[in-house]
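Undergrad: Mind looking over this structure? Questions follow.
The values are calculated or read from the model by the stated rules, or taken from the named source; none is laboratory data. Note that the coordinates shown come from a computational prediction; the quantities given were computed from them, not determined experimentally. Heads up, the Cβs are rebuilt from the backbone with ideal geometry, glycines too, and the neighbour counts pull from every protein chain shown.
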Amino acid sequence: MKEPKNEGATATQAQDQKPAVERRRASLPQPDFTFYKKAEAYPGPKYLFVGHSYNVELDNQKGEGQDNRAGAIKSLFAKDLKWVPVTEALGNQNFAGVLSRFEHDHLSRLPESTLIGEAIDKDGTPIKHSFTIWREERRGRREPKA
């Protein structure tokens with residue numbers, strides 16, 4: 001007895017693989033950055049928005065804890081800077097001192113091209129005790145082989 005050929009299976013498998021490859025090569029979807037662009041705090045399409053760093057423990061500590069963190073973050077951008085490299089931010093003792101252990105560990109593992117920027121909510125209002133992490137898009141680039 002011959003088993004019937006399932007010719008549709010191989011064609012379907014090939015179609016399923018192609019979109020997966022295209023998805024891996026495509027840029028990651030990014031949120032609307034209109035509010036960052038209006039505040040001139042958007043580093044450009046070369047960078048991916050990683051997220052806001054927000055210390056949840058500060059929600060229970062009103063006053064001094066939030067003020068210290070907000071002041072340390074603001075001190076990074078005192079010279080009308082919108083972003084600083086992650087290595088420079090971690091080198092700032094005032095800023096590094098207010099980071100949670102998780103934040104410090106995460107930032108120290110990021111590439112040197114990562115930027116720390118001001119955090120802005122969807123209404124365009126600065127988030128005082130938070131900062132934004134922007135990672136340089138590296139997809140599609142090939143490093144020269146030595």
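Residue-by-condition table, conditions (1) at pLDDT below 90; (2) within 17 Å of Glu118 (Cβ to Cβ); (3) loosely packed, with under 14 Cβ neighbours inside 10 Å:
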residue: Asp59; (1), (2), (3): yes, no, yes
residue: Lys62; (1), (2), (3): yes, no, yes
residue: Gly65; (1), (2), (3): yes, no, no
residue: Ala78; (1), (2), (3): yes, yes, yes
residue: Lys82; (1), (2), (3): yes, yes, no
residue: Glu88; (1), (2), (3): no, yes, no
residue: Gly91; (1), (2), (3): no, no, yes
residue: Phe95; (1), (2), (3): no, yes, no
residue: Ser100; (1), (2), (3): yes, no, no
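Undergrad: Residues that are outside any loop (DSSP other than H, G, I, E, B), more than 20 Å from the chain's Cα centre (by Cα) and modelled with pLDDT of 75 or more: does the range 28-50 have at least one? Write out each step before concluding.
TA: Of all residues in the range 28-50, those outside any loop (DSSP other than H, G, I, E, B) come to 34-38, 47-50.
Of the ones still in play, those that are also more than 20 Å from the chain's Cα centre (by Cα) are none.
No, there is no match, as no residue in the range 28-50 is outside any loop (DSSP other than H, G, I, E, B), more than 20 Å from the chain's Cα centre (by Cα) and modelled with pLDDT of 75 or more.
Undergrad: With (1) assigned to a loop (DSSP other than H, G, I, E, B); (2) within 21 Å of Thr34 (Cα to Cα) as the list, and Lys79 as the residue in question, which single condition is left unmet?
TA: Failed condition: (2).
Listed here are the residues, each with its yes/no results for (1) touching a residue at least 12 places away in the same chain (Cβ under 8 Å); (2) in contact with a Phe, Trp or Tyr (Cβ under 8 Å, 6 or more places away or on another chain).
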site: Ala78; (1), (2): no, no
site: Ala89; (1), (2): yes, yes
site: Ser113; (1), (2): yes, no
site: Asp121; (1), (2): yes, yes
site: Ser130; (1), (2): yes, yes
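Undergrad: Can you tell which of Glu136, Glu112 is exposed (fewer than 15 other Cβ atoms within 10 Å of the Cβ) and in contact with a strand residue (DSSP E or B) (Cβ under 7 Å, 6 or more places away or on another chain)? Break it down into steps so the answer makes sense when it comes.
TA: Values: Glu136 fails: exposed (fewer than 15 other Cβ atoms within 10 Å of the Cβ).
Testing whether each residue is exposed (fewer than 15 other Cβ atoms within 10 Å of the Cβ) and in contact with a strand residue (DSSP E or B) (Cβ under 7 Å, 6 or more places away or on another chain) leaves just Glu112.
Undergrad: In the range 96-116, which residues are over 11 Å from the mean Cα position of the chain (by Cα) and polar (S, T, N, Q)?
TA: Ser100, Ser108, Ser113
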